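Nothing in this text is a laboratory measurement; each read-out follows from the coordinates by a stated rule. All figures in this text were calculated on a predicted structure; none of them were measured in a lab. Note that each Cβ is placed from the backbone with ideal geometry, even for glycine, and that neighbours are counted across all protein chains shown.
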Amino acid sequence: MERNDAERKIEKLRNQLEEYGYHYYVLDKPLVSDAEYDGLMNELIELEEAFPELKSDTSPSVRVGGPPLPHFEKVEHRTPMLSLGNAFSDQDLRDFDRRVRQVVGDEVTYSCELKIDGLAISLIYESGRFVRGATRGDGTTGEDITQNLRTIPSIPLRLKEAVSLEVRGEAFMPKRSFEALNEAKEAAGEERFANPRNAAAGSLRQLDPKLAAKRHLDAFIYAIGSVEGKELHSHHEGLNYLKTIGFKINPESAYCESIDEVIDYVNSWLERRADLPYEIDGIVIKVDNVNFQEQLGYTAKSPRWAIAYKFPAEEVITTLLDITLNVGRTGVVTPTAELKPVTVAGTTVKRASLHNEDLIREKDIRLGDSVVVKKAGDIIPEVVNVLTELRTGEERPFSMPTHCPECGSELVRLEGEVALRCINPQCPAQIREGLIHFVSRQAMNIDGLGEKVITQLFEHGLIHNVADLYKLNKDELLQLERMGEKSVNNLLASIETSKKSSLERLLFGLGIRFVGSKAAKTLAMNFPTMTELRRASYDELIAVNEIGEKMAASIVSYFEKPEVNELIDELASLGVNMTYKGPKPIGEEEIADSPFAGKTVVLTGKLQALTRGEAKEKIEALGGKVTGSVSKNTDLLVAGEDAGSKLTKAKELNIEIWDEEALVKAISH
Ligand code: IVH
């Protein structure tokens, strides 16, 4: 075939397959038989093989999966991927409604959706083409899983409009695919996946897209992260728009005029959820009106305009076989219930934390007891209570030891604490846990260094402190169990990358008492180098907002220790970054002086120098509030190119109007 003919034929096949795929996977209304579809797909693949220069990232043929990746790249989200506050009862929903109405008034209406139990994803389209897909990660940084997401047939590769936008949704494994996958795994003598969510997560974490392609995943899109040049007034309008441009939207969502209607919707799904072809773990309730959403705003973690109703946790009875003890990073000794394995909410539970001695006494938990177990928030196993009526008399009370089960030194109970602690700084358990903490996601975020690998490294004597991590070499790592050449190379690469982490990650990773990840960030912003922080006095520390006396004292005494200073110097000499790399903090005077302080600002039209999200962030950091529509409460309108109705309205209302240049000037000094 001539190249020209091939090109035409390829384009025709792509359009046809796209349309058939859309009808099959998105609308669930097939136009042709599977055999016909497969036939056309094979024809397309053959032609693309014969004319490789005509291949395209958005061709339906990429659904079969491309070549494996060496590792996933990290990607920063344009705006953080937040989580949702939880409601567990009708009362919680009514409280939510009351809080909402206090802010926006009684006109509020809600959009209710199923809470799909899968994996949050972000998809970016440029001029209608799918260019990047990522996992949620820690909310700020996720992993680039574009290749795997392309294999999900309901995720459009080209939209029906050439728009640029980011959408968010949930990738999941339908119940039927999950069962088939587990049957196949069992037949092959492999371990089953615990639940569809783990199976979906495992599939999307495959570096080989061909494997992901075989897992029959699906995705519902439930929100627009940002869209250029389009005004949306309500959540349900957004969903309809998403549907018209080719996304798969969950068909069960409902528009509710009152909280009573919301509660009816929620209750109706308590029974019906079992009949759905996919798993849900609750209902998401969102304030429908976009202006109202903006007025309600966000907490650090979640929007105030939405809430997740979580279905009541399943409770199961099992036997408490034993209580074991764990020594944590800070020396706290935690008793753990060893349970006769039971399935709770889809996964096997063998263990549950009992937290401390007081709790064991309060609940009168004895070895051999029949206990009720549930998963709190559907994740963390918990012993709810003891069924004392089932006691036989064989049960034995439990008492905490007087000495550390790991190093044998005497345990102490610090004043005002319920916990028992091992205060030996050389205790191997504490050192090991400290290492695990150092490499964890919120700290130095070293991929491939989980609890198991750290434990092995520690037990082989290859690492004694966190600096040793940066001295590991290939030969040493190759000695470990299940560590091939490839994983060793990946591991060394991520250790190397971690050296560049911004100061707050290191500070959090070092595990200074009372310094959590948020405090670490505050510290790094105010003392942007390790040298400055080490030198900071108690008074300088408490002068910083958000740093209290307890934390300041702990920091000072931490940096007084010679072994700490030795360790930090060693880390620095091994190339670990000791400076803060994030944005500069904005001082209070700067906010007070800013032209945006206390002002309500509306952005409209196209901006050149920065995105709307960036502009909003800056204005908010400088004490302003950014809303979506012009009203008499608006103080300032920033009009970019091609501003339309908002500009007209602002003029009518005599509102101050700026162009982009004025905005850039105001935010850049
Ligand atoms: S809206 C700002 N809608 O639930 C957060 N989330 O904690 C916006 N989820 O992992 C989330 N179904 O991926 C929303 N219909 C739905 C959802 C949904 C599932 C997940 C989401 C996130 C978690 C929210």
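Quick notes on this one:
- If you take all other residues with their beta carbon under 10 Å from the beta carbon of Arg14, and give Lys and Arg +1 and Asp and Glu -1, the sum is -1.
- When the range 317-400 is described by a simple charge dipole with +1 on each Lys and Arg Cβ and -1 on each Asp and Glu Cβ, the residue from Leu359, Thr347, Val384 located farthest towards its positive end is Thr347.
- Dipole in debye (nearest 20) - the range 1-106, about Cα centre, beta carbon charges: Lys, Arg +1; Asp, Glu -1: 580
- Among Gly139, Thr151, Val167 - extreme Cα towards positive end, dipole of the range 139-198, charges at beta-carbon: Val167
- Shown for the chain: cysteine residues without a partner Cβ closer than 4.7 Å, namely Cys112, Cys256.
- Of the peptides 354-363, 442-451, 265-274, the ranking by mean beta-carbon count within 10 Å, highest at the top, reads 442-451, 354-363, 265-274.
- Here the chain is treated with +1 on each Lys and Arg Cβ and -1 on each Asp and Glu Cβ, and its dipole about the Cα centre works out to around 340 debye.
- Within the chain, percent of DSSP bridges classed antiparallel, to nearest 5: 85
- As a ratio to 2.2 N^0.38 Å, the alpha-carbon radius of gyration for the chain is 1.08.
- All other residues whose Cβ lies under 9 angstrom from that of Gly640 are scored, Lys and Arg at +1 and Asp and Glu at -1, for a net of -2.
- This model, with +1 at the C-beta of Lys and Arg and -1 at the C-beta of Asp and Glu, gives the range 73-221 a dipole about its Cα centre of some 400 debye.
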